[in-house]
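Participant: After the structure tokens below, expect a handful of questions from me.
The values are calculated or read from the model by the stated rules, or taken from the named source; none is laboratory data. Predicted, not measured: the structure shown is a model, and the values here were computed from it. Backbone-built Cβ (ideal geometry, glycine too); neighbour counts: all protein chains shown. Ligands, DNA and RNA are excluded from the accessible area calculation, which covers all protein heavy atoms including side chains. Shrake-Rupley method; radii C 1.70, N 1.55, O 1.52, S 1.80 Å.
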Amino acid sequence: MICENIGVNGANLTFAGVDTTALAKKYGTPLFLMDEDRVRFNLRLYQKAMKEAFGEGSFPLYASKANCFKRIYEIMKEENMAIDLVSPGEIFTANKAGFPMERAFFHGNNKTDSDIAFAMESSVGFFVVDNTNELKAINETAKKKGIIQKVILRLSPGIDPHTYAAVATGKVDSKFGVAIETGQAALIVEETLGYENIELSGYHCHVGSQVFDEEGDVYINAATIMMSFAAEMKKKFGVEIKYLNMGGGFGVRYTENDPYMNIEANIKALAKHISSLAEELEIPMPCVLMEPGRSIVADAGMTLYSVGTIKEITGYKNYVSIDGGMTDNPRFALYGSKYTVLLANRMNEKSDFLCDIAGRCCESGDIIQPNVLIPKPVRNDIVAVCTTGAYNYSMASNYNRIPRPPVVMLSQGKDYIAVKRESFENLTALDV
Ligand SMILES: *Cc1c(COP(=O)(O)O)cnc(C)c1O
């Protein structure tokens, strides 16, 4: 199986040790499952590896856009994690969960004036500044409030990991951050140092998502560029920074063909490289931050659906339609993402029926996964899509007025609801 938390008991698929067909019966479908123990396991792996490799003061931030609801923020609080937030909606949710906001980092390439004010009123610890427009606005708001706002500057190191174009974010022409190559990054450092109500805490880069070792030394190269930039800024302006934030992006396995990413080994290699750079460039070793999203929650998630229509177009192809679709998982429609699909109530049968798993939306592109092999299903069989813990619930929509599925958490063999199923009343609640 692609992850240790997936198993088989007789004919039935288990997830986090719980029978998925029983969960489908208890809660109905479509249904998001989240393995709470796996989330904790994954984030502890980062915490431990980073502390060992980079020392005290270095830590991971959970990039909460990957999957965001109150219970997730409570878990992050319990685990003493820091978090990334990218919108006032995420800030509001984290606040509601009682997350200590001094450990929150506020991202985004277009923070509005009201976003900035709201984040400061919420006492967000750090702003990750994307551009000079917002830097100025942050200084003005901080001045009005009589505070000094800590900021980290988001720079683009000019690196292109060969993941999907839509999730490569560190290129010079990216919409995110300030380019080092054009000289604009040096200008924003100078500008930051001139503002009275801003404290420069560090530099940030995020090269992309779903990055594997096979892409070459993406993080090593990014670190070289970032550290060299830090040394240059020290020379030019005498400024030393506390934090170097290397972003997120470690890849996860969606199918048996995907490689394993050894998180500990990567962190170790990165630490070795950064510390030798520090020595060589004669700057202090920074505290290193990383921002994993997908690799904390993806393999902690699974989606269950019920089979509806089975359509065999003779001589062409077969469709198996399920009771969800791009409204709960738009990732194939957006990026052509790969997924492992299983027939949860017939795991002991031969997978010899080739089909596309289609959603129920009025879009031909509403496909969860094409060319899947499963046992030939019948109506009301249960389809499981694996590794859906990242960028599924958080990307869900109400297209075609389809209510969003609930999120059921699994921990130590027990199940509980973290997010309720949306009702039709919820769907019309804002209609005047
Ligand atoms: C999306 C994002 C992340 C998380 O990326 P993953 O691929 O989910 O690990 C981290 N940092 C920033 C700035 C992001 O935009």
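Participant: Surrounded by fewer than 22 Cβ atoms within 10 Å (Cβ to Cβ) and at pLDDT 95 or above: which single residue out of LYS171, LYS136 fits that description?
Facilitator: Values: LYS171 fails: at pLDDT 95 or above.
Only one candidate qualifies: LYS136.
Residues checked against (1) farther than 30 Å from TYR260 by Cβ; (2) surrounded by fewer than 17 Cβ atoms within 10 Å (Cβ to Cβ); (3) within 16 Å of the ligand (Cβ to nearest atom); (4) of a type in the set (Asp, Glu):
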| position | (1), (2), (3), (4) |
| --- | --- |
| SER201 | yes, no, yes, no |
| CYS205 | no, no, yes, no |
| GLY208 | no, no, yes, no |
| VAL211 | no, no, yes, no |
| TYR219 | no, no, yes, no |
| GLU240 | yes, yes, no, yes |
| TYR243 | no, no, yes, no |
| GLY247 | no, no, yes, no |
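Participant: What number goes with the only condition from (1) on the phi > 0 side of the Ramachandran plot; (2) within 16 Å of the ligand (Cβ to nearest atom); (3) out of contact with any strand residue (DSSP E or B) (no Cβ under 9 Å at 6 or more places or on another chain) that LEU334 does not pass?
Facilitator: The one condition LEU334 does not meet is (1).
Participant: Tell me which of these ILE75 doesn't satisfy, since it passes every other one: (1) open to solvent by less than 20 Å² (accessible area, probe 1.4 Å); (2) within 16 Å of the ligand (Cβ to nearest atom); (3) not small (Gly, Ala, Ser).
Facilitator: ILE75 satisfies all of (1) open to solvent by less than 20 Å² (accessible area, probe 1.4 Å); (2) within 16 Å of the ligand (Cβ to nearest atom); (3) not small (Gly, Ala, Ser) except (2).
Participant: Give segment 81-92 a look and list any residue that's within 19 Å of GLY248 (Cβ to Cβ) and outside any strand (DSSP E or B), or say none.
Facilitator: Taking segment 81-92 and keeping what is within 19 Å of GLY248 (Cβ to Cβ), we get 81-87, 90-91.
Those that are within 19 Å of GLY248 (Cβ to Cβ) and outside any strand (DSSP E or B): MET81, VAL86, SER87, GLU90, ILE91.
Participant: Something else now. Give the residue that is farthest from SER295 (Cα to Cα), with candidates limited to residues of segment 7-18 that are in contact with a helix residue (DSSP H, G or I) (Cβ under 9 Å, 6 or more places away or on another chain), open to solvent by 10 Å² or more (accessible area, probe 1.4 Å) and assigned to a strand (DSSP E or B).
Facilitator: For segment 7-18, the residue satisfying everything is ASN12.
Participant: Let me ask something else. Only one of ARG44, ARG38 is surrounded by 23 or more Cβ atoms within 10 Å (Cβ to Cβ) and not polar (S, T, N, Q); which?
Facilitator: Numbers: ARG44 fails: surrounded by 23 or more Cβ atoms within 10 Å (Cβ to Cβ).
Going through ARG44, ARG38 in turn, just one is surrounded by 23 or more Cβ atoms within 10 Å (Cβ to Cβ) and not polar (S, T, N, Q): ARG38.
Participant: Return the only residue of TYR305, TYR319 being open to solvent by 10 Å² or more (accessible area, probe 1.4 Å), aromatic (Phe, Trp, Tyr) and either on the phi < 0 side of the Ramachandran plot or within 16 Å of the ligand (Cβ to nearest atom) (or both).
Facilitator: Numbers: TYR305 fails: open to solvent by 10 Å² or more (accessible area, probe 1.4 Å).
On inspection, the qualifying residue turns out to be TYR319.
Participant: Name every residue in segment 44-72 that is assigned to a helix (DSSP H, G or I), within 12 Å of the ligand (Cβ to nearest atom) and closer than 18 Å to VAL407 by Cβ, in order of residue number. Explain how you work it out, then say what you get.
Facilitator: Kept after step one, since they are assigned to a helix (DSSP H, G or I), are these residues of segment 44-72: 44-54, 64-66, 70-72.
Going one step further and asking which of them are within 12 Å of the ligand (Cβ to nearest atom), we end up with 46, 64-66.
Selection gives SER64, LYS65, ALA66.
Participant: Looking at this structure, is PHE99 in contact with a strand residue (DSSP E or B) (Cβ under 8 Å, 6 or more places away or on another chain), open to solvent by less than 20 Å² (accessible area, probe 1.4 Å), within 16 Å of the ligand (Cβ to nearest atom) and not aliphatic (A, V, I, L, M)? Even if it seems obvious, please write down each step before you answer.
Facilitator: Numbers: in contact with a strand residue (DSSP E or B) (Cβ under 8 Å, 6 or more places away or on another chain): yes; open to solvent by less than 20 Å² (accessible area, probe 1.4 Å): yes; within 16 Å of the ligand (Cβ to nearest atom): no; not aliphatic (A, V, I, L, M): yes.
No: the conditions fail for PHE99.
Participant: Here's another thing I want to ask about it. What about SER64, is it under 16 Å from the mean Cα position of the chain (by Cα), closer than 29 Å to SER122 by Cβ and open to solvent by 30 Å² or more (accessible area, probe 1.4 Å)? Spell out the reasoning first.
Facilitator: Values: under 16 Å from the mean Cα position of the chain (by Cα): yes; closer than 29 Å to SER122 by Cβ: yes; open to solvent by 30 Å² or more (accessible area, probe 1.4 Å): no.
No, not satisfied.
Participant: Let me confirm something: among ALA269, ALA278, ALA231, ALA265, which residue is closer than 23 Å to PHE126 by Cα, away from the ligand (no atom under 16 Å from the Cβ) and in the same structural domain as SER64 (by TED's automatic domain parsing)?
Facilitator: After ruling out the rest, the residue left standing is ALA231.
Participant: Hey, another quick one. Run down ARG379, ARG331 and say which single residue is in the same structural domain as THR303 (by TED's automatic domain parsing), among the basic types (Lys, Arg) and open to solvent by 10 Å² or more (accessible area, probe 1.4 Å).
Facilitator: On the way: ARG331 fails: open to solvent by 10 Å² or more (accessible area, probe 1.4 Å).
From the options ARG379, ARG331, the qualifying one is ARG379.
Participant: Considering every residue within segment 111-128, establish whether at least one is within 13 Å of ASN197 (Cα to Cα) and either away from the ligand (no atom under 16 Å from the Cβ) or at pLDDT below 95 (or both).
Facilitator: yes
Participant: Now for a separate question. Checking ASN80 against (1) open to solvent by less than 20 Å² (accessible area, probe 1.4 Å); (2) on the phi > 0 side of the Ramachandran plot: exactly one of these is not met. Which one?
Facilitator: (1)
Participant: When you scan segment 281-296, how many residues do you find that are open to solvent by 50 Å² or more (accessible area, probe 1.4 Å) and either within 16 Å of the ligand (Cβ to nearest atom) or acidic (Asp, Glu) (or both)?
Facilitator: At the first step, the residues of segment 281-296 found to be open to solvent by 50 Å² or more (accessible area, probe 1.4 Å) are 281-282, 284-285.
Now restrict to residues that are either within 16 Å of the ligand (Cβ to nearest atom) or acidic (Asp, Glu) (or both): 282.
So the answer is 1.
Participant: Return only the number of the condition from (1) outside any helix (DSSP H, G or I); (2) within 15 Å of the ligand (Cβ to nearest atom) that ASP299 does not satisfy.
Facilitator: (1)
Participant: Also, quick follow-up: For segment 275-295, does any single residue satisfy the condition of being closer than 21 Å to LEU23 by Cβ and in contact with a Phe, Trp or Tyr (Cβ under 9 Å, 6 or more places away or on another chain)? Give the steps one after another, and end with the answer.
Facilitator: We begin by selecting, within segment 275-295, every residue closer than 21 Å to LEU23 by Cβ; these are none.
Checked segment 275-295: no residue is closer than 21 Å to LEU23 by Cβ and in contact with a Phe, Trp or Tyr (Cβ under 9 Å, 6 or more places away or on another chain).
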